[in-house]
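*Asks:* First the structure, which I've put down as structure tokens, then a few questions once you've had a look.
The values are calculated or read from the model by the stated rules, or taken from the named source; none is laboratory data. This one's a predicted model, so the numbers in the text were calculated from it and none came from an experiment. Cβ sites come from the backbone with ideal geometry, for glycine too, and all protein chains shown count toward neighbours. What goes into the accessible areas is simple: the full protein's heavy atoms, side chains included, and nothing from ligands, DNA or RNA. Shrake-Rupley method; radii C 1.70, N 1.55, O 1.52, S 1.80 Å.
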Amino acid sequence: MKDIELTQTGSCCTTQNRNEEIHVIQQFSKHLPVVIIGAGPIGLAAAAHLVERGEKFILLESGEHVGHNVSEWGHVRLFSPWQYNVDKAAKRLLSAQGWVAPAHDELPTGRELLERYLLPLAQLPKIKSQLVFNTKVVAVSRKDTDKMKSVNRESLPFEVYAEVKGTLQVYEAKAVIDASGTWGHSNPVYASGVWTQEEQSLSNHIFYGIPDIKGKDETKYIGKRIAVVGGGHSALNTLLDLAELKESHPETEIVWIMRKNKVEDAYGGEESDQLAARGELGTRIHHLVDSKQIEVVTPFRIQRIRSNDTKITISGTRSQSAMDITGIDEIIVNTGSRPDFSFLRELRLNIDQATESVDTLAPLIDPNVHSCGTVRPHGEKELRHVEKGFYIVGMKSYGRAPTFLMATGYEQVRSVVAYLAGDYEAALKVELDLPETGVCSIKNSPGKSPESCCTPSTINTTTSEAKAESCCTTTQTEIPVAVVQKTNSSCS
């Protein structure tokens, strides 16, 4: 399938075939590697696919070992079983070396994911030899060319600037795959999304993420009045751990703060969820709320937090009325994360202004449009940027949207690597097999009954929030001709 577009290589109105253009670039820089940023599950999967394709690559990791960020939430048990957490190319490479895959239906913790899968994968000689640790990428650009320059831009290799033990190292690349994720870039507690000095000054009493309440962090929360902020799966995990703590220490108080209109919106699909562990999260929280083990404050929008001696007051509005939540000892923030684009400033990116995701993905994942978590299959074609040869994959490709699953990222990198290797047919044939969440509705204006997000929407498509007619059918975005849809049986 030909994809004709205008480029600026020699003439402001020159028309070229993209496939021919990429071929020219590959011939020019075929001796250069693909640089992968981030050696987490998705970055390692990209490396595995490059190994299978016989492509050169370098894998840069800012931590001391692969899966460094995973190790920071190693105590958390995933709600997706092993069958969704192992990349197919990685499994083939590992199995050839005698690796035995874990049982498909087991639910690993982050630590088990690291020890039983990521670390063995990183030890494969063809991956291990290309791993560079303690390397923080600080900038990516075209060689000797800043963002403003267009002439011959696409014929130039990328330069990846990285700090390695206090020195600057520059890597040249024919393509760059950013799999750095969003870990370590949490959203703030304020409803405005703005970081303030007030919040930062209370850092000793605010935890971002899921603390190890059953382990090293237990004593910090025993007998305390704790505010959990957020309405997603991370918040549900945190609340369940705190509820167990409360069983042994009844004086512990749990306050759950959300912006959702009603607490039922946070329960998800419960028994209708095809991932049983994910559905069970909502069911268990539902019971705890009904039994008054958790105090719920919603809808609540935090506007200020301040400390008075040893206690914290959280101020905001509830149903447009001012309200203070007082006597708080600790705050746990589960409000999601945001991508870091600071080191990509010299590249020409296609980023959606609302979700901060790759713009073509925005209609598929924007929670302003739908909430079911089902994502239409997408690959290299949807992940392209104006900067040819550069891709953002994995959780970072979703920006601030919360519905990413590892299986999605594995299919992303399979397609991207196929394209970079010149196998355009394989790049276009995208298969994504994900379980239903059991929740399928479009958020319409007040007074309208909910529609399925897998059927045509009546939302005004002139807004950036509603580009998609359907999350599971053809949208306004061009779709590869060889997509296999396996995501949601309710979309048929």
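*Asks:* Amide H neighbours of T182 under 5 Å, at least 5 residues apart or on other chains, H built in the peptide plane: list them.
*Replies:* K396
*Asks:* Residue-wise, which Karplus ³J(HN,Hα) couplings in Hz belong to the range 294-308, taking 6.51 cos²θ - 1.76 cosθ + 1.60, θ = phi - 60°, and x for glycine or proline?
*Replies:* Result, rounded to whole Hz: 10, 8, 9, 10, 7, x, 9, 10, 6, 10, 7, 10, 8, 10, 10.
*Asks:* With every protein chain kept in the model, how would you rank V164, V393 by accessible area, 1.4 Å probe, largest at the top?
*Replies:* If we order V164, V393 from most to least accessible, we get V164, V393.
*Asks:* Now, a different point. Under 5 Å between amide H atoms, partner at least 5 residues away or on a different chain: which partners does E346 have, H built in plane at 1.01 Å?
*Replies:* Amide H to amide H, under 5 Å and 5 or more residues apart or across chains, E346 pairs with V140.
*Asks:* Calculate the FRET efficiency for S129 and S150 from the Cβ-Cβ distance with a Förster distance of 41 Å, rounded to the nearest 0.05.
*Replies:* That gives a FRET efficiency of 0.65.
*Asks:* I'd like to check one number: the per residue accessible area of the range 159-224, probe 1.4 Å, reported in Å² as a whole number.
*Replies:* Ligands and nucleic acids excluded, the result is 50 Å² per residue.
*Asks:* Counting only protein heavy atoms and a 1.4 Å probe, tell me what percentage of the range 86-237's accessible area is made up of carbon and sulfur.
*Replies:* 52 percent
*Asks:* When the solvent-accessible surface of protein heavy atoms is calculated with a 1.4 angstrom probe, in what order do E64, E251 fall, highest first?
*Replies:* E64, E251
*Asks:* Indicate the gyration tensor shape class of the range 21-131 (rounded, prolate or oblate), computed on the Cα atoms with a ≥ b ≥ c the square roots of the eigenvalues: a/c under 1.5 is rounded; otherwise a/b larger than b/c is prolate and the rest oblate.
*Replies:* Note, shape of the range 21-131 comes out prolate.
*Asks:* Assign unit charges at the C-beta atoms only (+1 for Lys and Arg, -1 for Asp and Glu), then state the dipole size of the range 290-420 relative to its Cα centre in Debye, rounded to the nearest 20.
*Replies:* The dipole of the range 290-420 has a size of about 200 debye.
*Asks:* For the cross-link pairs K88/K246; K224/K262; K91/K143; K174/K396; K128/K165, which exceed 30 Å when the distance is taken from alpha carbon to alpha carbon?
*Replies:* Cα-Cα > 30 Å for K88/K246; K91/K143; rest within.
*Asks:* Quick one: P(r) of the range 97-249 from all Cα-Cα pairs, 5 Å bins, percents rounded to integers, in order of increasing distance.
*Replies:* Reading the bins upward from 0: 1, 6, 10, 12, 12, 13, 13, 13, 10, 6, 3, 1, 0, 0.
*Asks:* Hey, can you find the accessible area per residue of the range 35-112 for me, probe 1.4 Å, expressed in square angstrom?
*Replies:* 41 Å²
*Asks:* Evaluate the distance, in nm, between pseudo-label points positioned 7 Å from the Cα of K262 and of E198 along their respective Cα→Cβ axes.
*Replies:* In this crude spin-label approximation the distance works out to 3.1 nm.
*Asks:* Tell me, what ³J(HN,Hα) does each residue in the range 376-389 have, in order and in whole Hz, if you take phi through Karplus 6.51 cos²θ - 1.76 cosθ + 1.60 with θ = phi - 60° and put x for Gly and Pro?
*Replies:* Working through the residues one at a time gives 4, x, 8, x, 3, 4, 6, 8, 5, 10, 4, 6, 4, x Hz.
*Asks:* Which of rounded, prolate, oblate describes the range 158-212, given a ≥ b ≥ c as roots of the alpha-carbon gyration tensor eigenvalues and a/c under 1.5 marking rounded, otherwise prolate only if a/b is larger than b/c?
*Replies:* It comes out prolate by the Cα gyration axes.
*Asks:* Can I ask one more? Work out, step by step, the length gained on full extension between S315 and K56: first 0.36 nm times the residue separation, then minus their alpha carbon distance; give nm to one decimal.
*Replies:* Working: separation 259, 0.36 × 259 = 93.24 nm, distance 5.39 nm.
Here the answer is 87.9 nm.
*Asks:* Taking every pair of distinct Cα atoms and averaging 1/r, then inverting, what Kirkwood hydrodynamic radius in Å comes out for the range 299-372?
*Replies:* 15.8 Å
*Asks:* What number comes out for accessible area per residue over the range 312-391 if the probe is 1.4 Å? Units Å², please.
*Replies:* Per residue, the range 312-391 has an accessible area of 31 Å².
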